[in-house]
Amino acid sequence: MAKKKKELSEAQILVDVVIKGLQEKKAENIVTIDLRSLENAVCDFFVICTGTSSTHVGALSKAAEEEVRKTLGEKPWHAEGFGNAEWILLDYVNTVVHIFQDEARNFYNIEGLWADAVVTEIKES
């Protein structure tokens, strides 16, 4: 049981570091979704934000990755979506980062799909 608590603490630290990187590049509408209380959740946390263009979405993903690498020494287990940069996903196993352009974010509506989880809006820094 103690090990699970430590992992959750590490996941929350990762979330905070990702948010710092996203805020440095002016991500819009950052939210976290805490999935830990849900059965069959795919991970512990989602971090979701919006970029204003494909260039901005790419810069946000790079900033998040660099901040995590610099602060925690971790790389994503999996990353995808760099081709058209409408939706870039950075998978850190316990935390998955979704960086969208506005239209794609509205279409996929991840917040709506996981509405029974705890959703927290992050205030701009």
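The values are calculated or read from the model by the stated rules, or taken from the named source; none is laboratory data. Just so you know, these numbers come straight off a predicted model, no measurement behind them. When we count neighbours, we look across all protein chains shown, and the Cβ atoms used for this are built from the backbone with ideal geometry, even at glycine.
The one condition from (1) in contact with a Ser or Thr (Cβ under 9 Å, 6 or more places away or on another chain); (2) over 16 Å from Val119 (Cβ atoms) that Val47 does not meet is (2).
The residues of segment 1-34 that are modelled with pLDDT of 95 or more, in a loop (DSSP other than H, G, I, E, B) and among the hydrophobic types (A, V, I, L, M, F, W, C) amount to a single one, Ala27. If you go through segment 10-34 and pick out every residue that is aliphatic (A, V, I, L, M), touching an Asp or Glu at 6+ places or on another chain (Cβ under 6 Å) and either closer than 23 Å to Ala115 by Cβ or surrounded by 22 or more Cβ atoms within 10 Å (Cβ to Cβ) (or both), you end up with 2. The number of residues in segment 32-87 that are touching a Leu at 6+ places or on another chain (Cβ under 8 Å), closer than 18 Å to Glu10 by Cα and among the hydrophobic types (A, V, I, L, M, F, W, C) comes to 9.
Apart from one condition, Trp114 fits all of (1) in contact with a helix residue (DSSP H, G or I) (Cβ under 8 Å, 6 or more places away or on another chain); (2) under 18 Å from Gln12 (Cβ atoms); the exception is (1).
Residues in segment 92-116 that are hydroxyl-bearing (Ser, Thr, Tyr) and in a strand (DSSP E or B): 1 in all.
Does at least one position in segment 64-72 carry a residue that is closer than 24 Å to Ala117 by Cα, touching a Gly at 6+ places or on another chain (Cβ under 8 Å) and either buried (at least 18 other Cβ atoms within 10 Å of the Cβ) or modelled with pLDDT under 95 (or both)? Talk me through it step by step, then tell me what you get.
So the first thing to find is which residues in segment 64-72 are closer than 24 Å to Ala117 by Cα, and the list is 64.
Filter again for touching a Gly at 6+ places or on another chain (Cβ under 8 Å), leaving 64.
Now restrict to residues that are either buried (at least 18 other Cβ atoms within 10 Å of the Cβ) or modelled with pLDDT under 95 (or both): 64.
Yes, segment 64-72 contains at least one residue that is closer than 24 Å to Ala117 by Cα, touching a Gly at 6+ places or on another chain (Cβ under 8 Å) and either buried (at least 18 other Cβ atoms within 10 Å of the Cβ) or modelled with pLDDT under 95 (or both).
Are any residues in segment 45-91 part of a helix (DSSP H, G or I), in contact with an Asp or Glu (Cβ under 6 Å, 6 or more places away or on another chain) and closer than 18 Å to Glu124 by Cα, and if so, which ones? Walk me through how you get there before you give the answer.
Narrowing segment 45-91 to residues part of a helix (DSSP H, G or I): 54-72.
Okay, now just the ones that are also in contact with an Asp or Glu (Cβ under 6 Å, 6 or more places away or on another chain), so 63, 68.
Matches in segment 45-91: Ala63 only.
Quick one: which residue in Val42, Val119 is assigned to a strand (DSSP E or B), among the hydrophobic types (A, V, I, L, M, F, W, C), over 12 Å from the mean Cα position of the chain (by Cα) and surrounded by fewer than 17 Cβ atoms within 10 Å (Cβ to Cβ)?
Exactly one of Val42, Val119 is assigned to a strand (DSSP E or B), among the hydrophobic types (A, V, I, L, M, F, W, C), over 12 Å from the mean Cα position of the chain (by Cα) and surrounded by fewer than 17 Cβ atoms within 10 Å (Cβ to Cβ), namely Val119.
For segment 53-75, the set of residues classified as touching a strand residue (DSSP E or B) at 6+ places or on another chain (Cβ under 7 Å), touching a residue at least 40 places away in the same chain (Cβ under 8 Å) and not small (Gly, Ala, Ser) consists of Val57, Glu65, listed by residue number.
If you go through segment 76-116 and keep only what is surrounded by fewer than 11 Cβ atoms within 10 Å (Cβ to Cβ) and in contact (Cβ under 8 Å) with a residue 40 or more places away in the chain, you end up with just Asp116.
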